[in-house]
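Below: the structure, in structure tokens.
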Amino acid sequence: MKQFTDDNKVLIILPVHNEASNLEDFLPNFVPIAQDLNADILAIDDYSSDNSVNLLASYQIPTISHIAQMGYGIAIQTGYKYALRNDYDYVIQIDGDGQHDPRFLHPILDHLKKGAGDIIVGSRFLPVTDQQLTPWKKLYKGSPVRRIGIYLFRAILRILTAQKISDPTTGFIGYNRKVIRFLCSNCFSFDFPDADMFLILIRNHFKIKEIPVYMYPNHNTGYLHRGCKPIWYVFKVTLSLLISSIRSRET
Amino acid sequence: MLSLPFRQEMFSILCGIFLLVIVVELIRSRKLLEQYSVIWFLIGLLCLTYYWWYPLAVHFTRYIGAGNTPSTILFFGLLVSLLIIMQLCIKITEFTHQIKDLVQEISILKFELKQSINAQKKDQIETESETKSEQN
């Protein structure tokens, strides 16, 4: 496992909460790819009660453990704050639940380094043109509620920003340092950092570029997808989108 | 009726005194901060002086065309309760931000401390093994 050194300028953030069963499949594919990128990996454990932390330790992945369960949004912001404190130039966040195909870390980082955008968004809805990259398994379609939410957020974003973002709920995103600094502020929407964050970033003149990625279903339904949470999620993000549109530009 | 019956006056004065005593005791025992006690002192004073401002409430009720004075007072009581709840929600939001920042800061510091201790242990082991190989 690559040493965690201060000389590296790329940080891959892996938020984790009780993902032991997913990590067993994900880490063997993810770790070699991250090593190829010459990137540091930092896992953020959001107070997991299962074997997630031990699994991460077995791959020698440095892990910040929250002292209480704070939620996905706060976990990734912890990663951003760490990246800012340690002068990382680029951050890529990838979910530890196996939904995101780690092979797309390369193109995300390439686009960041080329300056194609301040934020490189991995979209499951754009077609992958690289013939060599075939999906490992059946691709993720999303539950009906989730799909309704995605179409709704897409439409609202299009109306409010005139910008088309095909996948406004993706968690597979790369940022440059300017964006990391911005996301460490209280502007960050930490309960469900999705479409409303894109709106805030666009209004603050950050450039967003989407690239195609593969996403797979999570065979263990996360806590965000259970019960009434999806309905609350759609309501909250819609409300946040509409309120964010009338806020002044954040300074 | 522009003045209250004697029993109602006494009841409202007793309620006012009771509320004020409770608020003072809560502040004294540090269960309530002074900044959050202002509204409760005001409510206690309002109860205490109910007999005095009741005629004003009667005139106001007639002015707004309401049915009777107690329902006007009840309406404003509910309104004040909602404003208090709103203020508490704002305070909770503030605390949520603060707690979030604290948890993140503590978690990052714990991690950095652990990294630092591991680095020190590694240096110590390397120094000891160098010393042993020199002695040999």
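The values are calculated or read from the model by the stated rules, or taken from the named source; none is laboratory data. Everything numeric here is computed off the predicted structure, so don't read it as measured data. All Cβ positions, glycine included, derive from the backbone under ideal geometry; neighbour counts span all protein chains shown. Surface accessibility is based on the protein's heavy atoms, side chains included, excluding ligands, DNA and RNA. Shrake-Rupley method; radii C 1.70, N 1.55, O 1.52, S 1.80 Å.
Taking R0 as 45 Å, what's the FRET efficiency between B:I92 and A:L126 from their Cβ-Cβ distance, rounded to 0.05?
Result of the calculation: an efficiency of 0.65.
Any idea of B:L109's accessible area? Nearest 10 Å², probe 1.4 Å.
Spelled out: B:L109, probe radius 1.4 Å, area about 90 Å².
Considering only protein heavy atoms, with the full assembly of protein chains and a 1.4 angstrom probe, order B:M86, B:M10 by accessible area, largest first.
Largest accessible area first, the residues go B:M86, B:M10.
For segment A:101-140 and segment A:59-80, what is the separation of their Cα centres, given in Å?
24
Determine the shielding of peptide A:72-83 by partner chains: average, over its residues, the number of Cβ atoms on other chains within 10 angstrom of each Cβ.
Partner Cβ neighbours, averaged per residue: 3.
Indicate the gyration tensor shape class of the protein assembly as shown (rounded, prolate or oblate), computed on the Cα atoms with a ≥ b ≥ c the square roots of the eigenvalues: a/c under 1.5 is rounded; otherwise a/b larger than b/c is prolate and the rest oblate.
prolate
For the protein assembly as shown, with all protein chains present and a 1.4 Å probe, just round the carbon and sulfur fraction of the accessible area to a whole percent.
Heavy-atom surface of the protein assembly as shown belonging to carbon and sulfur, 1.4 Å probe: 61 percent.
List the DSSP H helices in chain A whose Cα atoms stretch 18 Å or more along the helix axis and whose mean Kyte-Doolittle hydropathy is at least 0.0.
A:20-36, A:144-161, A:229-244
Work out, step by step, the length gained on full extension between A:R147 and A:I243: first 0.36 nm times the residue separation, then minus their alpha carbon distance; give nm to one decimal.
32.4 nm
Name the residues of segment B:97-126 whose accessible area falls by at least 40 Å² when all protein chains are present instead of the chain alone, probe 1.4 Å?
Flagged in segment B:97-126: B:H97, B:K100, B:V103, B:Q104, B:S107, B:I108, B:F111, B:E112.
Using only Cα atoms, what is the ratio of the radius of gyration of segment A:1-131 to 2.2 N^0.38 Å?
That works out to 1.02 for segment A:1-131.
Place a point 7 Å from the Cα of B:L113 along the Cα-to-Cβ direction; which residues of segment A:19-49 have their backbone N under 11 Å from it?
Once the point is set 7 Å along Cα→Cβ of B:L113, nothing inside segment A:19-49 turns out to lie under 11 Å by backbone N.
Which whole-number value in Å² is the accessible area per residue of the protein assembly as shown, probe 1.4 Å?
That works out to 56 Å² per residue.
In the structure displayed, which of B:K31/B:K91; A:K81/A:K178; A:K138/A:K209; A:K113/A:K207; A:K81/B:K122; A:K209/A:K236 lie more than 19 Å apart, Cα to Cα?
In this structure, A:K138/A:K209; A:K81/B:K122; A:K209/A:K236 exceed 19 Å between Cα atoms.
What does the C-alpha gyration tensor say about the overall shape of chain B? Classify as rounded when a/c is under 1.5, otherwise prolate if a/b is larger than b/c, or oblate.
It is prolate, given that a/c is not under 1.5 and a/b is the larger ratio.
For the full complex of protein chains and a 1.4 angstrom probe, list A:Y72, B:Y63 by accessible area with the highest value first.
B:Y63, A:Y72
Is there a quick way to get the dipole size of the protein assembly as shown? I mean about its Cα centre, with the Cβ of Lys and Arg at +1 and of Asp and Glu at -1; what is the value in debye to the nearest 20?
1580
Rounded to the nearest 100 Å², what is the sum over both chains of accessible area buried where B meets A, with a probe of 1.4 Å?
Summed over both sides, the interface buries about 1600 Å².
Over the heavy atoms of B:F18, what accessible area does a 1.4 Å probe trace out, to the nearest 10 Å²?
Surface accessible to solvent at B:F18 totals approximately 140 Å².
Which of rounded, prolate, oblate describes segment A:112-242, given a ≥ b ≥ c as roots of the alpha-carbon gyration tensor eigenvalues and a/c under 1.5 marking rounded, otherwise prolate only if a/b is larger than b/c?
oblate
Suppose each label sits 7 Å from its Cα in the direction of the beta carbon; what would the B:I84-A:S185 distance come out to in nanometres?
According to this spin-label approximation, the distance is 3.7 nm.
DSSP beta bridges in the protein assembly as shown, what fraction antiparallel, as a percent rounded to 5?
Around 30 percent antiparallel, to the nearest 5.
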